[in-house]
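In what follows, a single structure is set out as structure tokens and then discussed.
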Amino acid sequence: MPSYMSKNLVIVESPAKAKTIKKYLGKDFEVLASYGHVRDLVPKDGAVDVEHGFEMKYRVIDKNEKHVKAIISALKDADELWLATDPDREGEAISWHLAELLQEKNALKGKPVKRVVFYEITQREVQNAIQHPREISDALVNAQQARRALDYLVGFNLSPLLWRKVQPGLSAGRVQSPALRLICEREEEIKAFVPREYWTLEARAEKDQQVFSAKLIELSGRKVEQFTLSNTVGALAAKNIVEKAAQGELLVAAVDKKQRRRNPAPPFTTSTLQQEANRKLGFAASRTMRAAQQLYEGIDIGGETVGLITYMRTDSVSLSQDALADLRKTIAEQFGADAVPAEPRFYKTKSKNAQEAHEAVRPTAAARLPKQMAAHLTPDQAKLYELIWKRTVACQMQQALFDTVSVELRAGQDNAFRASGSTLVEPGFIAVYSQSFDTPSGKENDDDDKDKRLPPLNVGDRVRLADLVADQHFTEPPPRYTEASLVKTLEEYDIGRPSTYASIISTLLARDYVRLDGKAFTPTDVGMIVNRFLTEHFTRYVDYEFTAHLEDDLDAVSRGEKQWKPLLADFWTAFKQRVDEKQELSRSEVSEARQLGTDPVSGKPVSARLGRFGPFVQIGTKEDPDKPRFASLRANQRIDTITLDDALALFSLPRTLGQLPSGEDVQVNIGRFGPYVRYGSTFVSLKKDDDPYTIELPRAIELIEQKKAALEAATLKTFGDTGIKIIKGRFGPYITDGKRRARIPKGKTAEDLSVFECEAYLAEAEKAAPKKGATKKAAAKKATKKAATKKAATKKATAKKAAPKTASPE
């Protein structure tokens, strides 16, 4: 430890982590939080200067400026600066940026800067890290800078192209785009899938009053495959053959008894933790990482604040010798000495770049049982801690041992069934999942672990054939990706890294490229079109192998095996050329219309496509003498699946529902602010659950009456039968006659105003309001000016051969 005569300033990312560490280091250490990154690239064109060796231009992040000032102020009273950010590329980069920034501001004044890392926030590990400081790793920093530069170059060049060719506000990311491709390709597989019929024949047999099932495996001397019985006729014929041959009983022809051992799964990496939390707890990747971060940074467990798990961003499945000893001791105490294997289990890490010095995600102390910790944790923290604790403890326990039996039962000479059973003899690690810890996590046991018992059966025994059941089945398309299966696939393809999986998924959802239907991802129309654009025109950059190879190169930079700027140069040369080639693409080439058929009324073609404001269907073409008719798709409709009938139904609006007792027609339609009911000149918005295509007159009248009642309650003053009222609105009282609207001048109240003053204010407001034609002309003029400015900016950017100015980085 450093001399306690000196004053030390320690910097970590978060205030929670700072609070925990402060308690371990004592009064001579001040611990402050940087609140994440302190600097980022300037948010404009040229932040990565491709003309001058990929020089990166940074600035302080606005929201963190006050935290930087606090660090500079505290540094004045300190003799040494300790950078204790997270032990990964991002953490290393935060430390480097802070050191660079403090140097630029002349705040260091020659004071020593020391980098310390720890993988668990416990007193022992933190103090041990302070005793073994190191320098900031240039290799890790360069890898992070290269990653950030690549993301910027892709985002700042591809995104504006998408804005112009597809729809404003879109983005393309170096890693998010291959992930989108996975989801879209799976959707295409599902769309192209043709179900195939098949049948199974199952015998219900009985011995000693115990009924068990057996599947048909041989029919008329031939092995039964999945599609041997492919229709009703074949299934019923097979049933008749077996019934005649069996004559009400089956003969036990063979009994095969074995023992099966099942090993526990390795401890969690970031990826497997996200997968399992999604599968068993229903957590999104971001929710898992949020709870894990809290468990890592420190929890008050009754007077003591301590990190309950090790660092949660890791590719490693290794466990330290201390952790192994701790786990074996806890297993013996909780499950008995027999549950502890003779030697610890060691797991081999699959990830090419995993550092064995890092550990798997594990409890910092196995003796802290989930049931003891639950009282100090939020529900999410408790569920995740139990999941991690069980997985880690289980990985160091004995195998589970099953007795299995497979029995062949014959119906005559040429037909056979097979029945299988298993019994758990020694639970081994499965015991950890059956033990209750009084926390609200989901069921941990797999169905494979349940006993499937058969009655005692020996060769030569005859059992009663109670029934034969023929079941129809259809093959199913591949399932849509869930968060768990997407993370697993990204890891298998080597796309992204543990720290990026959650942000990849969040970005796809935030951009509305995909939506979650239950747990499954479904691509939106925008997502499908963006993916088609990228796969057709930027094939290399959404290629799985190319993306994985680039990740390997970045890993090599982090190990000091490659230089980062030549890597950027190689990428940029080919990428920029491709972007320039695609500038002249037309919108119709990118977002091609899907032809649905012909409108039976007008005889005009009906098509579906993506417009600047979302997907829509269209009757007619722009070449027709009459203007085409347009209708937006509903939320649950997609361009690639909508039918002609569904499209024509969208043109059924406005619908006339009937008449009010007063004789006024009631219509329903969709306007710029959503669906509404209209009677006379009055509009009433539909509620969230009301469908404009199916709503009927009684419900419309109910909504009208509700609005009338609300309006009456908000009416402050009326003026006889003039129709003029003063209403209490969201932004203050106003005057209206049903058509015009005017604010009440300051200093006036509803009680002060006469009908003549109200009429004067309404006339004045009407006079001041711009005419509809003038408004359109002004808007057109503004749009023309904006387009001209944008065109000039594009020309200027092309001349400079720099990234466009209109996008924000990914």
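Over 19 Å apart at the Cα level, from the set Lys280/Lys350; Lys7/Lys63; Lys7/Lys114; Lys604/Lys627; Lys23/Lys69, are Lys280/Lys350; Lys7/Lys63; Lys23/Lys69. Here r is the Cβ-Cβ distance between Arg260 and Glu343 and R0 is 25 Å; the resulting FRET efficiency, rounded to 0.05, is 0.70.
With the other protein chains left in place, how much accessible area per residue, in square angstrom, belongs to the range 246-397 at a 1.4 angstrom probe?
Ligands and nucleic acids excluded, the figure is 42 Å² per residue.
Shown in residue order for the range 638-655 are the 3J(HN,Hα) couplings computed by the Karplus curve 6.51 cos²θ - 1.76 cosθ + 1.60 at θ = phi - 60°: 10, 4, 7, 10, 5, 9, 4, 4, 5, 5, 5, 5, 5, 8, 6, 8, x, 10 Hz (x for Gly and Pro). Modelled label positions at Gln103 and Gln127, each set 7 Å beyond Cα in the direction of Cβ, lie 3.3 nm from each other. The length gained on full extension between Glu243 and Ser213, counted as 0.36 nm times the residue separation minus their Cα-Cα distance, comes to 9.2 nm. Extension gain, Phe613-Asp646: 0.36 nm per intervening residue step, less the Cα-Cα distance, totals 9.9 nm. Counting only protein heavy atoms and a 1.4 Å probe, the range 1-115 has 46 square angstrom of accessible area per residue. At q = 0.20, 0.22 Å⁻¹ the log10 of I(q)/I(0) for the range 1-119 amounts to -1.11, -1.31, computed by Debye summation with a single uniform scatterer per C-alpha, solvent ignored.
The GluC sites (Glu not before Pro) of the range 295-373 that DSSP puts in a loop, and whose beta carbon has at most 15 other beta carbons within 10 Å, are Glu304, Glu356.
Applying a length cut-off of 27 Å (Cα extent along the axis) and a mean Kyte-Doolittle floor of -1.0 to the DSSP H helices of the chain leaves 138-165.
Expressed as a whole percent, the accessible area of the range 173-278 that falls on carbon and sulfur atoms is 47 (1.4 Å probe). Here the 3J(HN,Hα) profile of the range 249-262, calculated from phi with Karplus coefficients 6.51, -1.76 and 1.60 at θ = phi - 60°, is 8, 10, 9, 6, 8, 7, 10, 10, 10, 9, 10, 10, 10, 10 Hz, Gly and Pro shown as x. Checking every one of the trypsin sites (Lys or Arg not before Pro) in the range 685-723 against DSSP loop status and a limit of 13 other Cβ atoms within 10 Å picks out Lys687, Lys688. The HN-Hα couplings worked out from phi for the range 271-281 by the Karplus form 6.51 cos²θ - 1.76 cosθ + 1.60 (θ = phi - 60°) are 4, 5, 5, 5, 5, 5, 5, 6, 5, 9, 10 Hz, whole numbers, x standing for Gly and Pro.
Normalized C-alpha radius of gyration of the chain, against 2.2 N^0.38 Å?
1.24
With coordinates expressed along the principal axes, the C-alpha atoms belonging to the range 617-725 extend over 54, 33, 24 Å, beginning with the largest. Each label point was placed 7 Å from the Cα along the Cα-to-Cβ direction; for Asp467 and Val425 their separation is 3.4 nm. Taking label positions 7 Å along the Cα-Cβ direction at both Arg741 and His376, the computed distance is 5.6 nm, reported to one decimal. Every Cα-Cα pair of the range 632-683 was included, and the share exceeding 17 Å stands at 46 percent. Based on alpha-carbon atoms, the Kirkwood radius and the radius of gyration of the range 689-750 give Rg/Rh equal to 1.11.
The values are calculated or read from the model by the stated rules, or taken from the named source; none is laboratory data. Note that the structure is predicted; figures quoted are calculated from it, not measured. Heads up, the Cβs are rebuilt from the backbone with ideal geometry, glycines too, and the neighbour counts pull from every protein chain shown. SASA here: full protein model, heavy atoms, side chains in, ligands and nucleic acids out. Shrake-Rupley method; radii C 1.70, N 1.55, O 1.52, S 1.80 Å.
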